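Here is the structure we will look at.
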Amino acid sequence: MHEHTPRLAWAQHAPEVFKAMVRLDAAARRGLDPVTYELVKIRASQINRCALCLDMHSKDALAAGESVERIIQLAAWEESKHYYTEREIAAIELTDAITVLTDGFVPDEVYARAAKVYDEKELSQLIAAIATINAWNRFGVSTRQAPGHYQAGDFK
C-alpha cells in the first residue's frame, strides 16, 4: 500500500489558526506531567482515529520516558488499569468522557474522580489539554495528514 496524500495543507492556508493552535497547545501543557500529557493525547487520538497524532504522540511519549507496553495497553486501559497510576487513570477516563460526548455531558462520577486527584489548576490544564488534542485530531483527520514522518520533539 502506498501512503495517502494529504487532502489539504491546512497549516499553510490558515497559518494564523495553526500558530494559535500551537500557542494553545503550549499553554495547555503547562504544569502537567509530560507522560500523562502524552497519554491523554494518545488516548484521544486513538478514539478519534487520528493516525498523524498517534504517530506523533507515541514518539513524544517514548522520548518522555514512557514504555512501549503502557502505550500499547492504553487502547484497553479499562482492562489494564494496573499499568497506570490513579492520576493517570483519572486523566484517561476524563479524556474518554470529553472526547466522546455521546450523552452530551461528562458524567459527574468521572469528573469527581479526576477532581479528587487533581487540584483545580491542574484539572483546568488537563481539560484544556484534552480539548486541544481533540481540535488537533479534527484537523488531522479531516485533512488526512499522513503519519510516519514526525520525529520526537519536532514541534516543541
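Miscellaneous remarks
- Taking the criterion of being among the charged types (D, E, K, R) and closer than 21 Å to residue 111 by Cα, the residues of the stretch 58-93 that qualify are 78, 79, 81, 86, 87, 88, 93.
- Residues located in the stretch 85-97, provided they are without any contact (Cβ under 8 Å) to a residue 40 or more places away in the chain and either in a loop (DSSP other than H, G, I, E, B) or open to solvent by 20 Å² or more (accessible area, probe 1.4 Å) (or both): 85, 86, 89, 93
- Residue in the stretch 110-119 that is among the hydroxyl-bearing types (Ser, Thr, Tyr), part of a helix (DSSP H, G or I) and crowded, with 17+ Cβ neighbours inside 10 Å present: yes
- Among the candidates 44, 14, 51, 61, residue that is among the small types (Gly, Ala, Ser), open to solvent by less than 60 Å² (accessible area, probe 1.4 Å) and at pLDDT 95 or above: 44
- Boolean, residue 66 is of a type outside the set (Lys, Arg), surrounded by 17 or more Cβ atoms within 10 Å (Cβ to Cβ) and not in a helix (DSSP H, G or I): yes
- Residue 100 open to solvent by less than 50 Å² (accessible area, probe 1.4 Å), among the β-branched types (Val, Ile, Thr) and more than 22 Å from residue 11 (Cβ to Cβ): no
The values are calculated or read from the model by the stated rules, or taken from the named source; none is laboratory data. Everything numeric here is computed off the predicted structure, so don't read it as measured data. For neighbour counting, all protein chains shown are included, and Cβ atoms are generated from backbone atoms with ideal geometry for every residue, glycine included. To get the accessible areas, we keep the full protein, side chains included, count just its heavy atoms, and leave off ligands, DNA and RNA. Shrake-Rupley method; radii C 1.70, N 1.55, O 1.52, S 1.80 Å.
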